[in-house]
Amino acid sequence: MSIKPIQFKDDTLLMIDQRRLPTEEVWREYRDYRSIAEAIKTMVVRGAPAIGVAAAYGAAFGAREIEAEDFAAFHPRFEKVCRVLAETRPTAVNLFWALERMANFALAHQELPLSELRDRLMEEAHEIAAEDERINRALGKNGAALIPNPARVLTHCNAGALATAGYGTALGVVRAAVEEGCELMVYADETRPFLQGARLTAWELMKDRIPVTLICDNMAGYLMSRGEIDCVIVGADRIAANGDTANKIGTYTVAVLAREHGIPFYVAAPISTIDLSLPDGSRIPIEERGPREVTHLGDRQLAPDSIGVRNPAFDVTPARLITAIITEHGVVRDNFTAGLKSLVEQG
């Protein structure tokens, strides 16, 4: 693994600005919760697990900013900090999972002096980050057994080290397979309009010297029809109780193509991405982002002035199109409702 996109050094949160990759490696410094919230909202940091880790640190920094004499005065202000962070992006459930964990931690330790509670909250954020990497490695090992050897693997968006605290989910499976001796090559969809595949997946795989070939989003079906793809593996931003999965826009299209061509379609995600409160994918909130991401490439305008634009950031892949869901606690096939519930209860 070549990079950890979120690092804590000298009482400062460092995050690589993923908007500037692959041409520039720019690290931003953060010391307050509002700037971390803005970084999440503007996609300096992105990827569901990484958003959760960043939010945990945001909550910890926010706790430090609260001036209060006792927990009764501290608590409502800490809740406000968590609300500000929660309002940044609506789809990635890891954001809300991490904030709930930080809020519950504060309540469970409310008897502590506030100075100690603030320190303990920062320690909890550190643990969430370390835990995420451990989870990804376990998840990767579970998924590696599903990858044939040799293999040509298609992925969409970026579910790698850059989308997590390290190692990755979908690309964690790829990394684990390579570590176990699998000879593989990754096809990376460019992933319009934010180009996470072209900019991020290609960059981090090349950095780790894992063979990767970039393709336009509309090339996947052609390669499948020629027998050039052996399996598809993607990440997830939220998984409903029945296995319906929200991921970067275009994932549903890839899943339909994979089903048509008889190609396994795998979803790799930590338990924290599973939302049992939602019975199916129709309840998953889908973020609609601004039109400029579609009409422009950087500062270059690609479309006519005043054109109407739709820019949903995610779509939902029905469980019936998913071959298996890979988690750190195991792999679920077929009966996702029972299987996912069982895995969550293990956690």
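The values are calculated or read from the model by the stated rules, or taken from the named source; none is laboratory data. Please read these numbers as outputs of a predicted model, since none were measured by experiment. Reconstructed Cβ throughout: ideal geometry from the backbone, glycine too, with neighbour counts over all protein chains shown. What goes into the accessible areas is simple: the full protein's heavy atoms, side chains included, and nothing from ligands, DNA or RNA. Shrake-Rupley method; radii C 1.70, N 1.55, O 1.52, S 1.80 Å.
Modelled spin labels at Glu127 and Asp299, positioned 7 Å past Cα toward Cβ, are 4.7 nm from each other.
By how many nm would the segment from Met185 to Arg34 lengthen if fully extended, with 0.36 nm per residue of separation less the alpha-carbon distance?
Working: separation 151, 0.36 × 151 = 54.36 nm, distance 4.04 nm.
Net length gain for the segment: 50.3 nm.
Backbone phi angles across the range 68-85, fed through the Karplus curve with coefficients 6.51, -1.76 and 1.60 (θ = phi - 60°), yield HN-Hα couplings of 7, 8, 8, 5, 4, 7, 5, 4, x, 6, 5, 4, 5, 4, 5, 5, 4, 5 Hz in residue order; Gly and Pro are listed as x. Counting only protein heavy atoms and a 1.4 Å probe, tell me what percentage of the range 1-120's accessible area is made up of carbon and sulfur. Ligands and nucleic acids excluded, carbon and sulfur reach 46 percent. Highest GNM mean-square fluctuation among His156, His296, His126, for the chain modelled with Cα contacts below 10 Å: His296. Derived scalar couplings between HN and Hα for the range 46-63 equal 8, x, 3, x, 5, 4, x, 5, 4, 5, 4, 5, x, 5, 5, 5, x, 4 Hz in order, rounded to whole Hz, by the Karplus curve 6.51 cos²θ - 1.76 cosθ + 1.60 (θ = phi - 60°), x for Gly and Pro.
With respect to the chain, whose longest principal axis is taken over its alpha-carbon atoms, helix 170-179 is tilted by about 70°. Highest GNM mean-square fluctuation among Ile274, Ile229, Ile210, for the chain modelled with Cα contacts below 10 Å: Ile210. Taking the longest Cα principal axis of the chain as reference, the axis of helix 93-108 is set at about 20 degrees. Placing dummy labels 7 Å off each Cα toward the beta-carbon, the span from Leu276 to Lys341 is 0.8 nm. Surface composition of the range 198-266: carbon and sulfur atoms hold 53% of the protein heavy-atom accessible area at a 1.4 Å probe.
Looking at the range 1-64, the accessible area is 38 square angstrom per residue; that uses a 1.4 Å probe and ignores ligands, DNA and RNA.
From its DSSP helices (H runs of at least four residues, each -39,500 (n - 2.57)), the chain gives a residue-normalised ellipticity at 222 nm of -12500 deg cm²/dmol. Taking every protein chain into account, the accessible area of the range 117-180 amounts to 31 square angstrom per residue (probe 1.4 Å).
The mean accessible area for residues of the range 284-330, using a 1.4 Å probe and ignoring ligands and nucleic acids, is 55 Å² per residue. Here the extension length gained between Glu116 and Arg283 equals 56.2 nm, from 0.36 nm per residue of separation less the Cα-Cα distance.
The angle separating the long axis of helix 251-260 from the principal Cα axis of greatest extent in the chain is about 30 degrees.
Look at (1) 17.7; (2) 20.6; (3) 26.3: the one that is mean projected area of the Cα convex hull in nm² derived from this structure is (1).
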